Amino acid sequence: MMKREKTESQRIAQAKYNADNYDRVAILIKKGKREEWKQAAAARSLGYAEMIRQSVEEYIQNHPVGKGSD
């Protein structure tokens with residue numbers, strides 16, 4: 001089955017939905033890391049962004065902030 005291209009109005013609606021419901025996060029990483037991370041995600045049947053989201057959530061869960069550690 002061929003994937004149909006979105007119309008301009010669909011793209012605009014999707015962009016508005018994303019702007020209203022999501023925050024965008026940008027990070028700088030060393031050259032080559034992006035491809036390494038993408039391959040790691042694919043090897044785990046995850047999307048690149050999903051692997052990063054899961055990793056951050058896991059880090060937060062496993063490294064709670066203690067009292068007086070501001």
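Throughout, read-outs are computed from the coordinates displayed, never taken from laboratory work. Because the structure is a prediction, the values reported are computed rather than measured. A quick note on method: Cβ atoms are made from the backbone with ideal geometry, for glycine too, and the neighbour counts reach across all protein chains shown.
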Under the Karplus relation with 6.51, -1.76 and 1.60 and θ = phi - 60°, whole-Hz ³J(HN,Hα) for the stretch 52-57, x at Gly and Pro, equal 5, 4, 4, 5, 5, 4
Close lysine pairs (the chain; alpha-carbon distance under 25 Å; 8 or more apart or on separate chains) counted at 4
In the chain, which chymotrypsin sites (Phe, Trp or Tyr not before Pro) are in a loop and have at most 10 other Cβ atoms within 10 Å, using DSSP for the loop call? Tyr22
Given unit charges at Cβ for Lys, Arg (+) and Asp, Glu (-), the dipole magnitude of the chain about its Cα centre in debye, nearest 20, is 320 debye
Per q in 0.26 1/Å, what log10 I(q)/I(0) does a Debye calculation on the alpha-carbon atoms of the chain return? -1.10
Distance (nanometres) between label positions extended 7 Å along Cα→Cβ at Asp23 and Arg53: 1.4 nm
Could you work out how far helix 8-21 tilts from the main Cα principal axis of the chain, as a 0 to 90 degree angle to the nearest 10? 20 degrees
In whole Hz, what ³J(HN,Hα) sequence does the stretch 34-46 give by Karplus (6.51, -1.76, 1.60; θ = phi - 60°), x for Gly and Pro? 4, 5, 4, 5, 4, 5, 4, 5, 4, 5, 9, 6, 10
